[in-house]
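Quick notes on the structure that follows.
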Amino acid sequence: GRLAATLEEMRAELRARDRQLQEMLAGIAHEVRNPLGGMALTAGLLAEDLASEPERAAHVRRIRREIDHLTRLVNDFLDFAREAPPRLEALPAAALLEEVAHHARAEAAAREIAVAVRAAPVRLRCDPGLVRRALLNLSRNAVQASAPGATVDLEAEADGAGVVLRVIDRGPGIPPEVAERIFEPFFTTREKGTGLGLAFARRIAEAHGGALVHRPTPGGGATFEMRLPAAGAAARDAAAAAG
């Protein structure tokens, strides 16, 4: 009994510490975001003033790129710090994947990479905004890992009582020693990565009662599978619980 009480006390202390860290992270991100917005606006005005001076305008473009990176970093921190419960609704998996593909194709086209959608006629029950953000993060990672001329595939299919959403690339893949840590918060192998994207995506899947896993793509590359409840399965579960 004493051991159980001690373990429960330790768990409570860890949960409290995590909440404090998340609140601190959110507070810092909020404080940083406001001046970043002002810097971005000022840099935009400066770029207009220097449009006729290419050499000086190039310096401003570099400043704007760094501001954009810091803005993405702050937004990632805010996303990770928030723990709002998902607002569930039923929707076709194909529509969700098409929307994600639409947003991913701008960066993909610049890298000469195609983004294809193959979705079975299945419906899932999820928070569209949260799942969209998770899939878009996975898609951007897949695009950045791909070579020119490659294709990133977004797939959806039924799997028992759930739906599996996949993001597949055929890049160099993730080494086994790195794959063990990719879902850890703040772990990244990229020079300007935040290390929060995959951790946030897994948290979103788990908040829906699902899971996010990584598998090597046959022939080379990485596949991320997000398992979520199907719309019909969720309704049956709710009805069974009510009965």
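Every number here is computed from the coordinates shown, using simple stated rules; none is lab data. Note that the structure is a prediction, hence the values are computed from the model and not measured. Neighbour counts are summed over all protein chains in view; Cβ atoms, including those assigned to glycine, are modelled from backbone coordinates with ideal geometry.
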Inset, instruction - Please state, rounded to one decimal and in Å, the Kirkwood hydrodynamic radius that the range 65-138 gives when every pair of distinct Cα atoms enters the mean of 1/r. - result: 14.1 Å
Inset, instruction - When a/c is below 1.5 the answer is rounded, else prolate if a/b is larger than b/c, else oblate, so apply that to the range 141-213 with a ≥ b ≥ c taken from the square roots of the Cα gyration tensor eigenvalues. - result: oblate
Legend entry - Label of the coordinate-derived value, Cα extents along the principal axes in Å, listed as [x] 50, 39, 35; [y] 72, 48, 37; [z] 68, 41, 38: [y]
Legend entry - Karplus (6.51, -1.76, 1.60) ³J(HN,Hα), θ = phi - 60°, over the range 162-174, in Hz, Gly and Pro reported as x: x, 10, 10, 10, 10, 10, 10, 10, 10, x, x, x, 10
Inset, instruction - Return the distance in nm (one decimal) between the two label points of a simple spin-label model at Ala211 and Ala120, each offset 7 Å from Cα along Cα→Cβ. - result: 1.8 nm
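To the nearest 500 deg cm²/dmol, what mean residue ellipticity at 222 nm is calculated for the chain from DSSP H runs of n ≥ 4 alone, each contributing -39,500 (n - 2.57), summed and divided by the residues? The partial results should precede the final answer.
Numbers: 7 runs with 139 residues, N = 243.
Helix contribution divided over all residues of the chain: -19500 deg cm²/dmol.
Averaging sequence separations of C-alpha pairs under 8 Å and six or more residues apart, then dividing by the length of the chain, give the relative contact order as a whole percent.
It comes to 17 percent, rounded to a whole number.
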Inset, instruction - With a 10 Å radius around each residue's Cβ, average the other Cβ atoms per peptide and rank 73-79, 48-54, highest first. - result: 73-79, 48-54
Inset, instruction - Quick one: among Glu225, Glu13, Glu112, which has the greatest mean-square fluctuation in a GNM of the chain with alpha-carbon springs under 10 angstrom? - result: Glu13
Inset, instruction - Taking the Cα centre of the chain as origin, sum charge times position over the Cβ atoms of Lys and Arg (+1) and Asp and Glu (-1), and report the length of that vector in debye to the nearest 20. - result: 180 debye
Inset, instruction - Could you rank the peptides 156-168, 97-109 by their average count of other C-beta atoms within 10 Å per residue, with the highest value first? - result: 156-168, 97-109
Legend entry - Two-decimal log10 I(q)/I(0) for the range 94-219, as the Debye equation yields it once each C-alpha is a single scatterer, q = 0.09, 0.11, 0.16, 0.19 Å⁻¹: -0.24, -0.36, -0.80, -1.16
